[in-house]
Amino acid sequence: MALCVQVEASGAVSVVNPQPADLSTCAYLVQTSAEYLNNPLALSAADGGAIGSAILLVWAVAYAIRSVLAALASGDQDSASS
C-alpha cells in the first residue's frame, strides 16, 4: 500500500497520519517494493533490449513478406502483359 508523506520544514520526511482516503491529494507517495516490482514499465536494460529486438524482428519479417508479395505481384503483371 502506498504511503502519503510530507516534507517538514527541517527537510525530514514524515508519514501523514491518518492516511487520506484520496491519495491524489498527497504531495508525495512512497510505494512499497511489491508495488514497484508489479509496474509493467519497470524494466531492466536486458528486458528492454529483448523487447526492442523482438519488435525489430517483427518489422523485418513484415518487410520481407511485403517485398515477396510485391515481387509476386509485379511478376504477374509482366506475364499478363506479354
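The values are calculated or read from the model by the stated rules, or taken from the named source; none is laboratory data. Quantities reported herein were computed from a predicted structural model and do not represent experimental measurements. With ideal geometry, Cβ positions are generated from the backbone for all residues, glycine too; neighbour counts draw on all protein chains shown.
Just checking, how many residues over region 22-43 are touching a residue at least 12 places away in the same chain (Cβ under 8 Å) and part of a loop (DSSP other than H, G, I, E, B)?
The total comes to 4.
So, of the residues in region 1-21 that are free of Cβ contacts under 8 Å to residues at least 24 places away in the same chain, among the hydrophobic types (A, V, I, L, M, F, W, C) and in a loop (DSSP other than H, G, I, E, B), which turns out to be farthest from Thr32 (Cα to Cα)?
Ala9
Quickly run through region 29-82 and pick out the residues that are charged (D, E, K, R) and modelled with pLDDT of 85 or more.
Within region 29-82, Asp47, Arg66 meet the criteria.
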